[in-house]
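Chemist: Okay, here's the structure, questions in a sec.
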Amino acid sequence: QVQLVESGGGLVQAGGSLRLSCAASGRTFSIYAMGWFRQAPGKEREFVASSSWTGVNTDYTDSVKGRFTISRDNAKNTVYLQMNSLKPEDTAVYFCVADSRVGVIATMPRYWGQGTLVTVSS
């Protein structure tokens, strides 16, 4: 079992930045990939970004490419999402995700955090 706890959400103006953090605990040795999903008000959840164990392989949804950066600190079992040039459409609850399997983090991750709210004002 893996537990994920997000932090770093808040209210920012458009064009601003936030850094989300997610600390993993439990069977962290089994984690291969970690990443982020988000769910905007009235919309379905969507994949945002992911990173492999080494951090070499990263993936982003098109809407955040060039603005968001995912990184990992494996010694701390933590994944980060640096969000720059935030837009109102980035407003959502952001969920940290993790999985021990290869190739599924962007579609059906096994472990989910409770989420942290990011609100971007116009």
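The values are calculated or read from the model by the stated rules, or taken from the named source; none is laboratory data. As the structure is a computational prediction, the values presented were derived from the model and not from experiment. Heads up, the Cβs are rebuilt from the backbone with ideal geometry, glycines too, and the neighbour counts pull from every protein chain shown. Accessible surface areas use protein heavy atoms only, side chains included; no ligands, DNA or RNA. Shrake-Rupley method; radii C 1.70, N 1.55, O 1.52, S 1.80 Å.
Chemist: Relative contact order (percent) for the chain, with alpha-carbon contacts under 8 angstrom and 6 or more residues of separation? Before the final figure, lay out the partial values.
Modeler: Values: 307 pairs, mean separation 43.8, N = 122.
About 36 percent, as a whole number.
Chemist: Also, quick follow-up: Please list, or write none, the lysines whose alpha carbon is within less than 20 Å of the alpha carbon of K87, excluding same-chain residues fewer than 8 places away.
Modeler: Hits, sequence-local ones excluded: K43, K65.
Chemist: So if we plug the beta-carbon distance of S121 and D73 into 1/(1 + (r/R0)^6) with R0 = 22 Å, what FRET efficiency do we get, rounded to 0.05?
Modeler: Details: r = 30 Å, r/R0 = 1.37.
Taking R0 as 22 Å, the efficiency between S121 and D73 is 0.15.
Chemist: For the range 59-122, give the magnitude of the charge dipole about the Cα centre (Cβ charges: +1 Lys/Arg, -1 Asp/Glu; no others), in debye to the nearest 20. List each step's numbers first, then the result.
Modeler: Values: 7 positive and 6 negative charges, 29 e Å.
With only Lys, Arg, Asp and Glu charged at Cβ, the dipole is about 140 debye.
Chemist: Still on this structure, please answer the following. Quick check: at a probe of 1.4 Å, how many percent of the accessible area of the chain sits on carbon and sulfur atoms?
Modeler: On the way: 3070 of 6200 Å².
Carbon and sulfur atoms account for 50 percent of the accessible area of the chain.
Chemist: Would you mind working out the accessible area per residue for the chain, using a 1.4 Å probe, and quoting it in Å²?
Modeler: Details: 6200 Å² over 122 residues.
Heavy-atom accessible area per residue stands at 51 Å².
Chemist: How big is the antiparallel share of DSSP beta bridges in the chain, given as a percent to the nearest 5? Each step should come with its number before you reach the end.
Modeler: Working: 38 of 42 bridges.
Given both bridge residues lie in the chain, the antiparallel proportion sits at roughly 90 percent.
Chemist: Give, rounded to the nearest 20 debye, the magnitude of the charge dipole that the chain has about its Cα centre when Lys and Arg contribute +1 at Cβ and Asp and Glu contribute -1 at Cβ. Walk me through the intermediate numbers first.
Modeler: Details: 12 positive and 9 negative charges, 36 e Å.
Roughly 180 debye for the chain.
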